[in-house]
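Read-outs: derived from the displayed coordinates by stated rules, not from any lab. Just so it is clear, the model here is predicted, and its values are computed rather than measured. A quick note on method: Cβ atoms are made from the backbone with ideal geometry, for glycine too, and the neighbour counts reach across all protein chains shown.
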Amino acid sequence: MDQRDDAVISCPEGKSGCPVVAEIRRLKEQLETLKKEYDRVSRLTECDPLTGLFNFKHLEVSLQREMERTRRTGFPLSLIMIDLDHFKKVNDVYGHQVGNAALRWVGRIWRNGIRITDILCRYGGEEFTLILPATSLKQAVLAAHRLRTSLANTPLVEEGEEIRLTASFGVEVYKATDTFSADEFLKRADKYLHQAKAEGRNCVRSMEDSSAGGETEVLPEERVALFITRWPKL
Amino acid sequence: MAKESKTPVILSLSSGKGGVGKTSLTVNLACALAQKGSQVLVVDGDMALANVDVLLRFTAHKTIRDVLERGEDPMKAVIFVEPNLGVLPASSGVPEMVDLGPAEHVLLGNILSSIVGHFDYVLLDTAAGIGSSVLWLNTFATHNGVVVTSDPTSITDAYALIKILSREYGRKRFFLILNSVATPQEGQQTFDAIARVAEQFLGIQPQYLGCVPRDNVVLKAVQEQLPFVKGAPRSKAAEAVVELAERIRRFKRE
Ligand SMILES: Nc1ncnc2c1ncn2[C@@H]1O[C@H](COP(=O)(O)OP(=O)(O)O)[C@@H](O)[C@H]1O
Ligand SMILES: [Mg+2]
């Protein structure tokens, strides 16, 4: 975009108060205003108006793009599915106004706890999704634990009352060698979220916790256990 | 050759570590099973460094590679060293056969599926390591045999293999063969250690197929290119292998 500033725009005939120059300046200002408005509107189409986080549409687009990037760069891509615990109760007990305030509150807390490259979205209702580019499963699980504790430790105060909120987290990773779709990626993370719900809420679940998959490296404790009988008896 | 389609026991023999006796045991187990009158196929799954042909003294004219790459009839590649003992040979010294890609594994699956119905027992000898082809052959098998010695590196590698297969491929039933043991007690103890750790950390219960003693006839058999169950049927190793074959004959078909 052309970056000439006003100083450059002057009347070629040196007339002060030239009407043509004045018109150009006015048009430039209008253009700036329109550009800002355009940015605002396009942000709106990918933002959730209540929380100011990205919306589902942006999530879909970003996830596709980041998975493509992972296939190109080889860096793992992590995904966290989050659901607020017992949120229906908040709405029932305190009303929808407070419910909405709670959703905004959660968005504010978590936005401060992530990197600028991370993409935090409101998936819908009381569900959130965090996309973590160039992040291993281990790192993502740690990030989820940070989000979990930051929410659990900072209650929302509404009308003098402390409302303690917690959330459950499901974490999954996409590696360059994986071939599943964006849809499947979301489903997998959602499966771990369900596991977190089933196992008591306010917790993080991923492949690392499930016996059906996970790290295959032989751990030091397994090595010790394999050879324990060979140690000389004391 | 029987025309009807059978449901064979497909037993893979893997170990993680190399040189622990997979190929020797595969070949001799195959002979022992064939001696009982079963139709037996050995698939040389060490597809880049084949040596089943060496141990059985035959020359392969067509290999798995020809079948994969040129679409040859797989049954024509099978060499019958006995009327009821066939071998599907592999190529040797072909680096691109070390680890086949997903598409080639699908093809290999189709090829093997088209011929296993002729046999009662299909033994899959595999390469050392935990490469994609080793893992794939283990997923193709109905029964996963793991060959292990009392050597700590062999124990660790066998456990690593079991861990990957159970965690990533959902395999749960493993049959351990303790090879080159000094005494049966040594075999049982090593098995117990592995089984205990597998139960504790992986939640699975490997089964003990048995042990084979350290025996010079095994080495001699390699040098003479004659399986010891034939060349030295009264040796301790041969008796042990015949006993293993008996247990394999009691496997349920599925
Ligand atoms: N029970 C045994 N007693 C003595 N030597 C053995 C025994 N089992 C295997 N060997 C020897 O170990 C070497 C490797 O055996 P091999 O069957 O080729 O192993 P792998 O196929 O696992 O690499 C061979 O020289 C073989 O003779
Ligand atoms: Mg071998």
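In this structure the amide hydrogen of residue B:122, modeled in the peptide plane, comes within under 5 Å of the amide hydrogens of B:9, B:10, B:11, B:41, none closer than 5 places in sequence on its chain.
Counting Cα-Cα pairs of chain A in 5 Å increments starting at 0 gives whole-percent bin shares of 1, 6, 11, 13, 13, 11, 9, 7, 6, 6, 5, 4, 3, 2, 1, 1, 0, 0, 0, 0, 0.
Can you check how the C-alpha radius of gyration of the protein assembly as shown compares to 2.2 N^0.38 Å, as a plain ratio?
1.40
Amide H contacts under 5 Å for residue B:180: B:212, B:214, restricted to partners 5 or more places along the chain or on a different chain, H placed in the peptide plane at 1.01 Å from N. Counting only other residues whose beta carbon sits under 12 Å from that of residue B:249, what net charge do I get with K and R as +1, D and E as -1? Neighbourhood net charge equals +2.
Residues B:180, A:168 in ascending order of nearby Cβ atoms (within 10 Å, fewest first): B:180, A:168. Magnitude of the charge dipole for the protein assembly as shown, about its Cα centre and with charges confined to Cβ atoms of Lys, Arg (+1) and Asp, Glu (-1), is about 760 debye. Dipole orientation for chain A: of the candidates A:116, A:219, A:79, A:219 has the Cα lying most toward the positive pole (charges on Cβ; Lys, Arg +1; Asp, Glu -1). Computed from point charges on the beta carbon alone (+1 for Lys and Arg, -1 for Asp and Glu), the dipole magnitude for region A:1-141 about its Cα centre is near 240 Debye. Projecting the Cα positions of B:18, A:177, B:92 onto the charge dipole of the protein assembly as shown (unit charges on Cβ atoms of Lys, Arg, Asp and Glu, taken about the Cα centre) puts B:18 furthest along the positive direction.
Can you pull out the trypsin sites (Lys or Arg not before Pro) in region B:53-100 that DSSP calls coil and that have at most 14 other Cβ atoms within 10 Å?
Passing both the DSSP loop test and the Cβ count: B:57.
Considering only beta bridges that DSSP places wholly inside the protein assembly as shown, some 45 percent are antiparallel. Note on residue A:88: lysines with a C-alpha under 19 Å away, same-chain residues under 8 apart excluded, are A:197.
In the protein assembly as shown, helices alone account for a calculated mean residue ellipticity at 222 nm of -14500 deg cm²/dmol, with every DSSP H run of four or more residues adding -39,500 (n - 2.57). Under the combined filter of DSSP loop state and at most 10 neighbouring Cβ atoms within 10 Å, region B:185-246 retains these trypsin sites (Lys or Arg not before Pro): B:234. Shape analysis of region A:20-130 places it in the oblate category; the axes a ≥ b ≥ c from the Cα gyration tensor give an a/c of at least 1.5, with a/b not above b/c.
Each residue of region B:87-93 is assigned a 3J(HN,Hα), and the resulting list reads 10, 9, x, 10, 7, 10, x Hz, derived from the Karplus form 6.51 cos²θ - 1.76 cosθ + 1.60 (θ = phi - 60°), x at Gly and Pro. Counting charges near residue B:46 (Lys, Arg +1; Asp, Glu -1) among other residues having Cβ under 13 Å from its Cβ returns a value of -2. Counts of other chain beta carbons within 10 angstrom of each beta carbon in peptide A:221-228 average 6. Taking the fewest neighbouring Cβ atoms within 10 Å as the starting point, the ordered list for B:97, B:75, A:207, B:47 is B:75, A:207, B:97, B:47.
Using a 10 angstrom Cβ neighbour count of at most 16 plus a DSSP loop assignment to flag exposed trypsin sites (Lys or Arg not before Pro), which longest range of chain A is free of such sites? Value returned for the longest uninterrupted segment is A:16-114. Amide H contacts of residue A:134: A:78, each under 5 Å away and 5 or more positions distant or on a separate chain (H built 1.01 Å from N in the peptide plane; Pro and chain starts excluded). Taking a Cβ cut-off of under 10 Å around residue B:209, the surrounding Lys, Arg, Asp and Glu residues balance to a net charge of 0, with basic ones at +1 and acidic ones at -1. Annotation: aspartates and glutamates with alpha-carbon distance below 19 angstrom to residue A:28 (same-chain offsets under eight excluded): A:2, A:5, A:6, A:37, A:39. Rounded to the nearest 10 degrees, what's the angle between the helix A:19-45 long axis and the longest principal axis of chain A, both from Cα atoms, 0 to 90? Approximately 20 degrees, to the nearest ten.
Could you tell me which of rounded, prolate or oblate describes region B:1-140, using a ≥ b ≥ c as the square roots of the eigenvalues of the alpha-carbon gyration tensor, with rounded for a/c under 1.5 and, failing that, prolate when a/b is larger than b/c and oblate otherwise? Rounded, since a/c falls under 1.5.
The lysines whose alpha-carbon is closer than 26 Å to the alpha-carbon of residue B:220, local same-chain residues fewer than 8 away aside, are B:17, B:22, B:36, B:230, B:236. Comparing mean-square fluctuations of B:194, B:177, B:164 from a GNM of chain B with C-alpha springs under 10 Å, the top value falls on B:164. Which of rounded, prolate, oblate describes region B:9-253, given a ≥ b ≥ c as roots of the alpha-carbon gyration tensor eigenvalues and a/c under 1.5 marking rounded, otherwise prolate only if a/b is larger than b/c? Oblate is the answer for region B:9-253, as a/c is 1.5 or above yet b/c matches or exceeds a/b. Unpaired cysteine residues in the protein assembly as shown (no second Cys Cβ under 4.7 Å): A:47, A:121, A:203, B:31, B:211.
Dipole size of chain B about its Cα centre, with +1 on Lys/Arg Cβ and -1 on Asp/Glu Cβ: approximately 620 debye, rounded to the nearest 20.
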